[in-house]
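Peer 1: Okay, here's the structure, questions in a sec.
Each value in this text was obtained by applying a stated rule to the coordinates, not by laboratory testing. Quick caveat, the model's predicted, so the values are computed rather than measured. Reconstructed Cβ throughout: ideal geometry from the backbone, glycine too, with neighbour counts over all protein chains shown.
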Amino acid sequence: MIPAAYAQLDLEALLNNLNIVRKYAPHSKVMAVIKANAYGHGLGRIAHAIESQVDAVAVARTDEGVRLRKAGFNRPITVLEGFVNRQELDEQLSFHLDTVVHMPEQIPMLQHVDASQVISVWLKMDTGMSRLGLRPEEFQSAYQALTRCRCLKQAPGLMTHLANADDREDNKTVNQIDVFRHTINGLSGECSIANSAAILGWQQSLAEWVRPGLMLYGCSPFPDLSATELGLKPVMGLHSRLIAVKQLRKGDTVGYGSSWQAPVDTRLGVIAVGYGDGYPRHISPQAPVRVNDRVVPLIGRVSMDMITVDLHGAPEAQIGDPVTLWGDGLPVEEIAKAAATIPYTLICGITQRVQIVES
Ligand SMILES: *Cc1c(COP(=O)(O)O)cnc(C)c1O
């Protein structure tokens, strides 16, 4: 039986989006970012779908990498947050996970690893994000110290992360790239700077490796440019169905807090999706919901398991009819705007109850 609320994945769209990465970065190797359960799409499923198509994948945490290895994933996996202690480093060594050195404290731990063990390392520079990364003035000496670690069999990769790449007018990006390129001058090792926004908007950020996340899932990183305009196709559609239809009289109120009152007699639809599925509770009233092929406005508060819509614009709608919350024809970016958030949080935020199915 099809569950009431489900997320449908279009894996062809995923491959289409990977081709867009290649179109913008034809000379770069691709490290597909599949952290946070592949942005909500299901880690194993997405990893499997792209395994033979990408050069590497990236996750945020060690446990995500371990999960992938245990599922039989054989491509390089980079753990973007690196490690905090010897135990975590040992886990990365034994599961052949590539790591990130982003603070001086990690270097002695690597120096103590036996020469019989091997690990690939990215050395990360903080060029203005002030999150993870060595300061430019610490970078050269960290690099030299790493080259003396016997567990490194090749030069470390060199990476940084951009803070404002989604704003194509913001000069900070140029500045970050300049600091990075200036600081690594003379060091050998492959470079990586670009996330999705940089791949699509900042050609000068392209290097030996790119690290697309969001765009692979078919979302635009730019507030002023749609996914369609970029050639991206949504991978996830969030769907459910109408579970009740009723006639309200003028003056009836709907939902918790009675926040909506019928100004006229109204045909109301009740849909089986709510914040318990990851639908945003704070979305603005009148947000678009698609019932069959018609877009109708949300009314009343979002509850845990249900939302309510005004069916005035969909007079033929019947109990059991299909509903789209986002995806195909209803861009997740638009829903994100209505909820005063970004598409990342919506796709990452679908909950365990939402069954993921492939189309
Ligand atoms: C998440 C992440 C990415 C991918 O970013 P998108 O904006 O989703 O493309 C790339 N690099 C690092 C270090 C990240 O943490």
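Peer 1: Once phi is turned into ³J(HN,Hα) by the Karplus curve 6.51 cos²θ - 1.76 cosθ + 1.60 with θ = phi - 60°, what whole-Hz value does each residue of region 349-358 show in order, with x for glycine and proline?
Peer 2: For region 349-358, the Karplus curve yields x, 5, 9, 4, 5, 7, 6, 9, 10, 9 Hz.
Peer 1: While we're here: In Å, the Kirkwood hydrodynamic radius of region 1-69 over pairs of distinct alpha carbons?
Peer 2: Working: mean 1/r = 0.0761 Å⁻¹.
Taking every pair of different Cα atoms in region 1-69, averaging 1/r and inverting gives 13.1 Å.
Peer 1: What are the semi-axes of the equivalent ellipsoid of the chain, taken as the square roots of 5 times the eigenvalues of the Cα gyration tensor, listed largest first and rounded to whole Å?
Peer 2: For the chain, the semi-axes come out at 45, 21, 17 Å.
Peer 1: Hand me the GluC sites (Glu not before Pro) from region 108-189 located in a DSSP loop with no more than 15 other Cβ atoms within 10 Å, in residue order please.
Peer 2: When the GluC sites (Glu not before Pro) of region 108-189 are filtered for loop state and at most 15 Cβ neighbours within 10 Å, 169 remain.
Peer 1: Using Cα pairs closer than 8 Å and at least 6 residues apart in sequence, work out the relative contact order for the chain, in percent.
Peer 2: Answer for the chain is 18 percent.
Peer 1: Another question, if that's okay. With all distinct Cα pairs included, what does the Kirkwood hydrodynamic radius of region 48-176 come out to in Å, to one decimal, could you say?
Peer 2: Answer for region 48-176: a Kirkwood hydrodynamic radius of 15.5 Å.
Peer 1: Can you give the FRET efficiency for residue 319 and residue 115, using 1/(1 + (r/R0)^6), R0 = 56 Å, r = Cβ-Cβ distance, to the nearest 0.05?
Peer 2: 0.25
Peer 1: For the pair residue 51/residue 253, report the inter-label distance in nm, with labels modelled 7 Å from Cα in the Cβ direction.
Peer 2: A separation of 5.5 nm, rounded to one decimal place.
Peer 1: Okay, next question. Amide H to amide H under 5 Å from residue 326: which residues, 5+ apart in sequence or cross-chain, H placed 1.01 Å off N in plane?
Peer 2: 238
Peer 1: Can you pull out the trypsin sites (Lys or Arg not before Pro) in region 61-149 whose DSSP state is coil and whose Cβ has at most 13 other Cβ atoms within 10 Å?
Peer 2: 131, 148
Peer 1: Residue by residue through region 11-23, what is 3J(HN,Hα) from phi via Karplus (6.51 cos²θ - 1.76 cosθ + 1.60, θ = phi - 60°)? Round to whole Hz and write x for glycine and proline.
Peer 2: My calculation for region 11-23 gives 6, 5, 4, 4, 5, 4, 5, 5, 5, 5, 4, 5, 5 Hz in order.
Peer 1: Within region 288-359, which GluC sites (Glu not before Pro) sit in a loop by DSSP and count at most 12 neighbouring Cβ atoms inside 10 Å?
Peer 2: Here the sparse-neighbourhood loop sites are 316.
Peer 1: Contour minus end-to-end for residue 286 and residue 12, with contour as 0.36 nm per residue of separation and end-to-end as the Cα-Cα distance?
Peer 2: My answer for the length gained is 95.4 nm.
Peer 1: Can you sort 24, 275, 217 by how many other beta carbons sit within 10 Å, fewest first?
Peer 2: 275, 24, 217
Peer 1: Order of 162, 15 from fewest to most other C-beta atoms within 10 Å? Present the calculation step by step, with values, prior to reporting the outcome.
Peer 2: Working: 162 23, 15 15.
If I rank by nearby Cβ atoms, fewest first, I get 15, 162.
Peer 1: Could you tell me the center-to-center distance, by alpha carbons, between region 45-102 and region 216-284 in angstrom?
Peer 2: 36 Å
Peer 1: Additional query: Taking H as built 1.01 Å from N, whose amide H comes closer than 5 Å to the amide H of residue 29, not counting residues under 5 places away?
Peer 2: It is 209, 210, by chain and number.
Peer 1: Right, here's the next one. Pull up all non-local amide H partners of residue 356: gap of 5 or more, or a different chain, and H-to-H distance under 5 Å with H placed in the peptide plane.
Peer 2: HN-HN under 5 Å from residue 356: 7.
Peer 1: Another question, then. What length, rounded to one decimal in nm, is gained on full extension from residue 71 through to residue 27, with 0.36 nm per residue of separation minus their alpha-carbon distance? Working shown, then result.
Peer 2: Numbers: separation 44, 0.36 × 44 = 15.84 nm, distance 3.02 nm.
So the extension gain works out to 12.8 nm.
Peer 1: What are the ³J(HN,Hα) couplings of region 54-61, residue after residue, when phi is run through the Karplus curve with 6.51, -1.76, 1.60 and θ = phi - 60°? Round to Hz, x for glycine and proline.
Peer 2: For region 54-61, the Karplus-derived couplings read 10, 7, 6, 10, 10, 10, 8, 10 Hz, x marking Gly and Pro.
Peer 1: On C-alpha positions alone, give me the angle between the axis of helix 172-183 and the longest principal axis of the chain, in degrees, nearest 10.
Peer 2: Taking Cα atoms only, the helix is inclined about 20 degrees.
Peer 1: Quick one: compute a quarter of the convex hull surface over the Cα atoms of region 262-359 and quote it in nm².
Peer 2: Averaging across all directions leaves 6.4 nm² for the Cα convex hull.
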